[in-house]
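Okay, so here's the structure we're looking at.
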Amino acid sequence: MELPITLIGFMGSGKSTIGKQIAREKGINITDLDDYIQESSGESISNIFKQKGEKEFRDIESQCLREVLLIPDQVVALGGGTPCFLNNIEIIRTLSTSIYLQVSPEGLTRRLIRSHNPRPLIKGKSSEELMEFINLELKKREEFYLQADYVIQSDQIQVDELLRLIFI
């Protein structure tokens, strides 16, 4: 049995896409932590935020993270903020092999503008506002992201090349 692989990174960094490919390559399951939170709580994440607030959401998220990481042989795609709250980065480092998919602010901006996945935090932002938002958030989050076991700069990397780097 192997520790789960956790994928860390900002929204748009490719955690879900890469996670599915790693899972397929290794013949293991993938768990999206946000989906797990919604299934276990019976509520959407946006509803949890609205009804209970961010603190309650982060408590639920941390509890769900602990539950998910007790399951070996899987890939777990984390929410962009997951490593940055409570003692989640320590839990991640203890109970999994963590990979930070590092993408530049410019790369994230390009990806998020093209994305068909609606993201409430960036809805209605212009390219300039989005770039500013990403820069501010990355400054806060990167100290946590960089604690991952592996940091892979993945702006221009192809998925098959990324998989080779991970499994060497």
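We did not get these values from a lab; they are worked out from the coordinates using the rules stated. In this text, all values refer to a predicted model and were calculated from it rather than measured experimentally. We place every Cβ from the backbone using ideal geometry, glycine too, and count neighbours over all the protein chains shown.
In debye to the nearest 20, how big a dipole does the chain give about its Cα centre with +1 on each Lys and Arg Cβ and -1 on each Asp and Glu Cβ?
I would put it at about 300 debye.
At a Förster radius of 25 Å, what calculated FRET efficiency corresponds to the Cβ-Cβ distance of K140 and L70, to the nearest 0.05?
FRET efficiency, K140 to L70: 0.30.
Under a point spin-label approximation (7 Å from Cα along Cα-to-Cβ), what is the L165-E25 distance to one decimal in nm?
In this crude spin-label approximation the distance works out to 1.1 nm.
Listed highest first by mean packing, meaning other Cβ atoms within 10 Å per residue, what order do 21-33, 70-82, 43-55 come in?
70-82, 21-33, 43-55
In the chain, with Lys and Arg counted as +1 and Asp and Glu as -1 at Cβ, which of these residues, I122, I28, N135, has the Cα nearest the positive end of the dipole, that is, farthest along it?
Of the options given, the answer is I122.
Which value, in debye to the nearest 20, gives the size of the charge dipole of region 75-168 about its Cα centre, when Lys and Arg are +1 and Asp and Glu are -1 at the Cβ?
Once rounded to the nearest 20, the dipole reads 280 debye.
So what is the calculated 222 nm ellipticity per residue for the chain, using -39500 (n - 2.57) for each DSSP H run with n of 4 or more, over all residues, to the nearest 500 deg cm²/dmol?
Estimated from H runs of four or more residues: -17500 deg cm²/dmol.
Got a sec? How would S104, S41 order by Cβ neighbour count within 10 Å, fewest to most?
By the 10 Å Cβ count, ascending: S104, S41.
From the residues V68, F49, L165, which one has its Cα farthest along the dipole of the chain in the positive direction, the dipole being from +1 and -1 charges on Cβ of Lys/Arg and Asp/Glu about the Cα centre?
Checking the options against the dipole of the chain, the answer is F49.
Work out the FRET efficiency for D155 and Q51 from their Cβ-Cβ distance, taking R0 = 41 Å, and round it to the nearest 0.05.
Efficiency, from the Cβ-Cβ distance: 0.65.
Among all lysine pairs in region 5-161 that are eight or more places apart or on different chains, how many have alpha carbons less than 27 angstrom apart?
Step by step, the pairs that qualify in region 5-161 add up to 25.
For the residue pair Q147 and T94, what label-to-label distance in nm results when each label sits 7 Å from Cα along the Cα-to-beta-carbon direction?
So the two model labels end up 1.2 nm from each other.
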